[in-house]
Amino acid sequence: MPWYPGATRIELKPESGSQPHIQPTQLIVHSIVAPWEPRRLYEYWANSTSLESHFGLGYGGDLAQYLSTTTRADANASANRRPDGTGAISVETASNTKASDPWTDAQVEELVALGVWVHQVHNVPLRICRTPSDAGFGYHRLHREWSTSGTACPGAARVEQFVKEVFPSIAAAAGGTEKPGGTYTVRDGDTLSAIAARYKGVIWQDIARANGIPAPYVIHPGQRLAIPAGGKTAPSTPPPEPVVDLSRLREAARSDPDRRGTPVSYSGAQVVELALVAEGLLSRSYADGHFGTATIRAYAQWQRRLGYTGSAADGVPGKTSLTRLGQRRGFTVKD
């Protein structure tokens, strides 16, 4: 059962034991349409929906794996598992609430490293999928059959990154023939990406980091570069939980209802709103970071569920009720 060594393993059960086997022939990337870290996404898959992905990727490059890549995940409609037993590996990535932002540099780096591993372990060919069932790499909206209702995922900015940066970097890093390690002397016309393409499993960011080369990543002929041997290891600690600032959340709860939806006064409010969605108390459409009247009503229901009555169930979060919600839904609280 393949588990990627560059990801924190947070196994999703009972799905990992009950869902059918697949032979992975595709890797498809998504945007979550929420600024969720991998542990928060795990909580959502575990408690709020019958869907799931194989991987979750946070803004900071923190990557978690929830299912073996040979177990079906349900994020890609007809690509999940075809009649011949083939299927897709799915990667959800943190985004803003409109899926309009580009991937961060850290996210791009992790997507490239994961893509190289998928190619090496599962022999997924280095091409963009030409049809819905064609083996290769893709993004969710590439083929309508991967989303029965149609989708813009992962967003226009990320589609452009995928085509111009992510997939070419995967192909370059995975397609190299030389063994990494040792040094390389820069020649006239060389670039970091061209040098990385010579070596198996090496991406240009690895070389830049190993040699302390900052943006805009200028190199010059005659410069000797160390070529790292590569190979990611599993993180020693799991991804950190989101932290909600109680005082800022209370301020938002008192002011946002009068603002009729704009502006968002504290973006951390969305963590709480998504927790209320997971509890079945708030519609997903209201989880936008604006602690408005719908969220006030939902939080009041949460308070009443805990046994609060009267003015103690007014929808304005308190330390105890918020801590209880965080314990259930994967965030911590600070005063």
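The values are calculated or read from the model by the stated rules, or taken from the named source; none is laboratory data. Since the structure is predicted, the reported quantities are computational estimates derived from the model, not experimental observations. Quick reminder, even Gly has a Cβ in these numbers, built from the backbone with ideal geometry, and neighbours come from all protein chains shown. The area values use the complete protein model at the heavy-atom level, side chains included, leaving out ligands, DNA and RNA. Shrake-Rupley method; radii C 1.70, N 1.55, O 1.52, S 1.80 Å.
For Cα pairs less than 8 Å apart in space and 6+ apart in sequence, what is the mean separation divided by the residue count of the range 23-155, i.e. the relative contact order in percent? This gives 34 percent for the range 23-155. Working ranking of peptides 161-173, 301-313, 267-279 by packing, defined as the average number of other Cβ atoms within 10 Å per residue, highest first, is 267-279, 161-173, 301-313. Label sites at T148 and R187, each approximated as a point 7 angstrom past Cα along Cα to Cβ, lie 5.4 nm apart. Computing semi-axes √(5λ) of the Cα gyration tensor in Å directly from the structure and comparing it against (1) 44, 18, 17; (2) 33, 26, 18; (3) 40, 24, 17 singles out (3). Between helix 293-305 and the chain, what is the angle of the helix's C-alpha long axis to the longest principal axis, kept within 0 to 90° and rounded to the nearest 10? Orientation of helix 293-305: about 70 degrees from the principal axis.
Evaluated over the chain, the count of Lys pairs having alpha-carbon atoms less than 28 Å apart is 10 (only pairs 8 or more residues apart or interchain). Working from Cα pairs under 8 Å separated by at least six residues, relative contact order for the chain is 16 percent.
On the range 275-335, 46 percent of the accessible area sits on carbon and sulfur atoms, based on a 1.4 Å probe. Which part of the range 103-124 falls in the paramagnetic zone of E160, meaning amide N under 13 Å from the point 7 Å along Cα-to-beta-carbon? Of the residues in the range 103-124, 103 have backbone N under 13 Å from the label point off E160. Relative to the first principal axis of the alpha-carbon coordinates of the chain, what is the inclination of helix 319-329, with its axis defined by its Cα atoms, in degrees from 0 to 90 and to the nearest 10? Result, in degrees: 40. Between helix 269-278 and the chain there is an angle of about 80 degrees, using the helix long axis and the longest principal axis of the Cα atoms. Distant-in-sequence amide contacts of T8, defined by a placed amide H-H separation under 5 Å and a gap of 5 or more residues or a different chain, comprise L63, A64, Q65. Once you reduce the range 168-213 and the range 1-72 to the center of their Cα atoms, the two points are 29 Å from each other. Ligands, DNA and RNA are left out, and with a 1.4 angstrom probe the accessible area of the range 1-128 is 34 Å² per residue. Heavy-atom surface analysis with a 1.4 Å probe gives the range 18-126 a carbon and sulfur content of 49 percent of its accessible area.
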